[in-house]
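For reference, the structure discussed in these notes is given below.
The values are calculated or read from the model by the stated rules, or taken from the named source; none is laboratory data. Remember, it's a predicted structure, so these values are computed and weren't measured experimentally. No Cβ is skipped: glycine too gets one built from the backbone with ideal geometry, and neighbour counts run over all protein chains shown. For the accessible areas, the whole protein counts, side chains as well, though only heavy atoms, and no ligand, DNA or RNA atoms are used. Shrake-Rupley method; radii C 1.70, N 1.55, O 1.52, S 1.80 Å.
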Amino acid sequence: MPNLKPPITTTAAAVAYRESILKALPADSNFTPLMTLYLTDTTSPNEIKLARRSGVVFAVKLYPAGATTNSQDGVTDLFGKCLPVLEEMVEENMPLLVHGEVTDPDVDVFDREKVFIDTVLQPLIQRLPRLKVVMEHITTMDAVRFVESGEEGFLAATVTPQHLILNRNALFQGGLQPHNYCLPVLKRETHRQAIVSAVTSGSKRFFLGTDSAPHEKQRKECSCGCAGIFNAPVAISLYAKVFEEAGALDKLEAFTSFNGPDFYGLPRNTSKIKLTKASWKVPDSLSFSFGNIIPMFAGETLEWQPCVGEKAEMLNEVQEVGANKG
């Protein structure tokens, strides 16, 4: 994601950021970062051409100004200031990844996704029907219906583990829970159920997107805590839990490994992850050079344990979610 300080607004910055990521990886890592650009009011159509030619930038991210962490440089007027860029994205087959919330302070925080769909996304799709759009980290039944109403291959959505597992009660149970606070904010149980039904149905329009946010503990536990849930250590385990409870483990692999690359026109991964039904405890905290991070479900016990590589080959009676198994 490009919402750094300063944001990744140019292809040159994305290439440099990619190099810094690669330098930080272990020597034996095969991780391939897929870079995105941060759309602003001043992004030019030529920047989209440069991004496509770079071979390392695969999408452009729309953050409405003020919608989430480090979004202050985001778009203030999509149709008035960004239309030529969006038209160029159609020409270059460059997807638009959307944080789908309005930032009007008069709109209730729990309604901002629906209002964004009605006032921004629906008009955008009508105006540019060939623009590929991913509505990221959806949280409402309204978003589910919108994505299902669009043309397959041009409109899709990602879903986080928290929006499949938690509803807005999780923000307040036993007191204020800052580590369950993210944007878009958790919604009612009816919305959670609608999203679970959508992703476990086998629809190709929905795929994994964790939106994992490793904010330091003190930035979360303060008088004005930042938004974001660090779910990276538990995401696959939680997705498996959701699909198992829905009786849809056979559809988990497509959600995690197939639907996303197919939508982007990228090759599917050839490496495998295996999950075994084995209990494991989530660490209470993770220590880094800059401080401690509290993971999602800290201290709790989960029932699906993932592993990769040689260790994966040693497991018996596993649920495979590798990219080669149909």
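The GNM of the chain, with springs linking C-alpha atoms under 10 angstrom apart, assigns the highest mean-square fluctuation among 240, 143, 248 to 248. Only one residue of 210, 115, 133 has its Cα farthest out toward the positive end of the dipole of the stretch 11-307, where Lys and Arg carry +1 and Asp and Glu -1 on Cβ, and that residue is 210.
The mean sequence distance of close C-alpha pairs (under 8 Å, at least 6 residues apart), as a share of the length of the chain, puts its relative contact order at 12 percent.
A Förster radius of 25 Å combined with the Cβ-Cβ distance from residue 34 to residue 151 puts the calculated FRET efficiency at roughly 0.60.
Under 5 Å from the amide H of residue 35 lie the amide H atoms of 58, each residue being 5 or more positions distant or on a separate chain, with H modelled from the backbone and absent for Pro and chain starts.
Nearest 5 percent is fine: what portion of the DSSP beta bridges confined to the chain is antiparallel? Spell out each step's value before the answer.
Working: 13 of 32 bridges.
Taking every DSSP beta bridge with both residues in the chain, the antiparallel ones total about 40 percent.
Multiplying the residue separation of residue 81 and residue 288 by 0.36 nm and removing their Cα-Cα distance gives an extension gain of 70.5 nm. Full extension of the chain between residue 130 and residue 65 gives 20.9 nm of extra length, using 0.36 nm per residue less the Cα-Cα distance. By how many degrees, 0 to 90 and rounded to 10, does the Cα axis of helix 235-245 deviate from the longest principal axis of the chain? Approximately 70 degrees, to the nearest 10. With a simple spin-label model that places each label point 7 Å from the Cα along the Cα-to-Cβ direction, the separation between residue 169 and residue 25 comes to 4.3 nm.
Find the centroid of the Cα atoms in the stretch 91-117 and in the stretch 26-52, then give the distance between the two in whole Å. So the separation of the two Cα centres works out to 21 Å. With Cα atoms as the point set, the chain shows a radius of gyration and Dmax of 19.4, 57 Å.
Taking all protein chains in place and a 1.4 Å probe, what share, in percent, of the accessible surface of the stretch 11-307 do carbon and sulfur account for? Before the final figure, lay out each step's value.
Details: 6700 of 13480 Å².
Reported share for carbon and sulfur atoms: 50 percent.
Residues of the stretch 1-43 with an amide N closer than 16 Å to a point placed 7 Å from the Cα of residue 222 along the Cα-to-Cβ direction: 5. On the principal axes of its alpha-carbon atoms, the stretch 87-146 has extents of 36, 20, 16 Å, going from largest to smallest. For the chain, the longest principal axis of the alpha carbon atoms and the long axis of helix 45-54 meet at an angle near 40°.
For the peptides 281-289, 153-161, 127-135, residues were scored by their other Cβ atoms within 10 Å and the scores averaged per peptide; the highest-first order is 153-161, 127-135, 281-289. The modelled label-to-label distance for the pair residue 42/residue 118, using points 7 Å beyond Cα in the direction of Cβ, is 3.5 nm. In the elastic network of the chain, a GNM with C-alpha springs shorter than 10 Å, the most mobile of 92, 19, 47 is 19.
What you get for the chain, charging only the Cβ of Lys and Arg (+1) and of Asp and Glu (-1), is a dipole of about 420 debye around the Cα centre.
Before rounding to the nearest 500, sum -39500 (n - 2.57) across all DSSP H runs of length at least 4 in the chain and divide by the residue total; then give [θ] at 222 nm in deg cm²/dmol.
On the way: 13 runs with 100 residues, N = 326.
Calculated from helices alone, the mean residue ellipticity at 222 nm is -8000 deg cm²/dmol.
Along the stretch 4-21 the Karplus relation, 6.51 cos²θ - 1.76 cosθ + 1.60 evaluated at θ = phi - 60°, assigns HN-Hα couplings of 8, 10, x, x, 8, 9, 10, 4, 4, 5, 5, 5, 5, 5, 4, 4, 5, 5 Hz to successive residues, with x for each Gly and Pro.
Provide the per residue accessible area, probe 1.4 Å, for the stretch 30-78, rounded to a whole number of square angstrom.
On the way: 2020 Å² over 49 residues.
Per residue, the stretch 30-78 has an accessible area of 41 Å².
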